[in-house]
Amino acid sequence: MASCADSRVIPAQPQSTAARPQTSYQGAPSRPASNAVPAPKGWADFPATPGDWQWTQQGGQSTARFAGGRLVLRCDPARGTVRLERGDGAPTGATVLRVITQTQTRQFTAVPAGGALGIDIPARDNLLDAMAFSKGRFAIETTGLPTLYVPSWTEVSRVVEDCR
């Protein structure tokens, strides 16, 4: 086996201590400004809105609430619709509400009622499927309110399936 080995000797390169950066660990490494975190490119890159989904059965309606009611999905079995409501402040009149998913974007005119803005989506509308399976999240844009970036957890699917 010795005859198969490379017998060349490669001289070591001299290393100057002046050319080597001095490093010492002082906690998390700092990032130069040129390596700053890039700005989000699209809706799916923005940080998720803080909060969790909770599912309940209220008055015979399958209901999912996000972040304590900032966003609510409620099945109305009598009408065959899923009601989407923003409960974090409502403009005084009708306003534009846009649902953005990985595969669809749809714009609605939302009407204030009971301190929330709401729209009704037919239970069989494929927009609801797009919300449930949208790259882990979907967005709700509303004129005059901050955009919500909400996770598409199983509570969303449960309301949709309960309504079909």
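The values are calculated or read from the model by the stated rules, or taken from the named source; none is laboratory data. The structure presented is a predicted model; accordingly, all values stated were derived computationally and were not measured. Cβ placement follows ideal geometry from the backbone for every residue including glycine, while neighbour counts extend to all protein chains displayed. Areas reflect the complete protein model, heavy atoms only, side chains present, ligands, DNA and RNA absent. Shrake-Rupley method; radii C 1.70, N 1.55, O 1.52, S 1.80 Å.
One table, with the values for the structure above:
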| quantity | calculated |
| --- | --- |
| Counted residues, the stretch 121-164 - those being polar (S, T, N, Q), in contact with a helix residue (DSSP H, G or I) (Cβ under 7 Å, 6 or more places away or on another chain) and part of a helix (DSSP H, G or I) | 1 |
| Residue that is nearest to the chain's Cα centre (by Cα) [pool: residues in the stretch 85-102 that are of a type in the set (A, V, I, L, M, F, W, C) and at pLDDT 90 or above] | Ile100 |
| Failed condition for Gly59, given (1) out of contact with any Ser or Thr (no Cβ under 9 Å at 6 or more places or on another chain); (2) open to solvent by less than 70 Å² (accessible area, probe 1.4 Å); (3) at pLDDT below 95 | (2) |
| Criterion violated by Gly51 - all others in (1) on the phi > 0 side of the Ramachandran plot; (2) part of a loop (DSSP other than H, G, I, E, B); (3) at pLDDT below 95 satisfied | (3) |
| The stretch 73-97, residues that are in a strand (DSSP E or B) and surrounded by fewer than 18 Cβ atoms within 10 Å (Cβ to Cβ) | Asp76, Val96 |
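Quick grid of which residues meet (1) open to solvent by less than 20 Å² (accessible area, probe 1.4 Å); (2) on the phi > 0 side of the Ramachandran plot:
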position: Phe108; (1), (2): no, no
position: Asp129; (1), (2): no, no
position: Ala132; (1), (2): yes, no
position: Gly144; (1), (2): no, yes
position: Leu148; (1), (2): yes, no
position: Glu161; (1), (2): no, no
position: Arg164; (1), (2): no, no
